[in-house]
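The structure appears below as structure tokens.
No lab work stands behind these numbers, since they all come straight from the coordinates. All figures in this text were calculated on a predicted structure; none of them were measured in a lab. Heads up, the Cβs are rebuilt from the backbone with ideal geometry, glycines too, and the neighbour counts pull from every protein chain shown.
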Amino acid sequence: MNSDETLVPGSGGSGHGAPERAGDQVGPYRLLSPLGEGGFGTVWLAERRQPFVQRVALKIVKAGTDFKAVVARFEQERQALAVVNHPHVAKVLDVGLTPQGRPYFAMEFVKGSPITEFWDGRKLPVKNSVSQSLALSAKRIIDIIAAILIAIASLPIVAIAMLGILLEDGGPVFFRQPRAGRLGKTFLLLKFRSMRVNVPAPKEVGQVHAGHPYVTRVGHWLRRSKIDELPQLWNVICGDMSLVGPRPALPTDVEGYDVYAHRRLDVRPGMTGWAQVNGNVQLPWSDRIALDLWYIRNWSLGLDLRILSRTLRVVFRGERVEAEAVRIAVADAAAPGRVL
């Protein structure tokens, strides 16, 4: 890349106006969280969503800094590293001006690169390898095939569940609720209705378990056996969900996420997940987030198969807290230098 060809005219001038804040839009990037102060400006974790989702290190240059010289120096260092095939090479992706008139440049994150700054005690992730892309494609194919096969095999159980719901109170068979999917995109989650009709809003009801007073008799059986989740196979086939992943949250809950918890939205939500087979609702929310993020960091097709097999065990024996898995996930989340 020749940085002189992409510099914004006049970008070496001084900045003005109020300082940038989290949530501000800077060119195509949204500022997420400050990473720290560099020698020539503030470094931000930023994200753009078009034409694809990408997280970058965005440096907003101090007033009076020779912007061209900064970018040129960085580009020279990058090219020198590239000549010797250094594995940790980050390149300048974009340059421009903030709404306040301060110049910025965005750089890709490369694991192990000096430019990959520490954020909240944890290094930021870069997992865009060809092998991972192929594995993710395989995961989607497996989701579709497995969901269709499970749906066909479970038709007798589905018929019994539907009949039981209708006979108990004559109300709707299905429960539909907006949930936040991958990247926060809202979709309608499907479940067999297990609660009485016209119950209060989710915030008023609180955490629902099989013995909750709003849960019907048939609903208790549906929840205990996890049969109430079977309609979500349609969500999997449509691409809103995966068989395995963090459970989809309510959009109102997502509004309260910090940047760390927001990582749950990096993948498709699942019918079951690492948090669900290690304690689920018996765990505090913070532990479930740690388990979900441990899953995202350590994801593999083998881990998905392990979770699916353990889900069957949960169906038959009930939910139990797996203290060791929780301890590992919580310690992993707090480890200095942890790659998120």
* Extension gain Ala63-Arg217, at 0.36 nm per residue separation less the Cα-Cα distance, in nm? -> 48.7 nm
* Asked: Order of 149-158, 19-28 by packing, highest average Cβ count within 10 Å first?
  -> 19-28, 149-158
* Structure fact -> Yeah, region 130-339 with a ≥ b ≥ c from its alpha-carbon gyration tensor (a/c under 1.5 is rounded, else prolate when a/b outruns b/c, oblate otherwise) is prolate
* Structure fact -> Stretched fully, the stretch from Ile150 through Gln25 gains (0.36 nm per residue minus C-alpha distance, one decimal, in nm) 40.6 nm
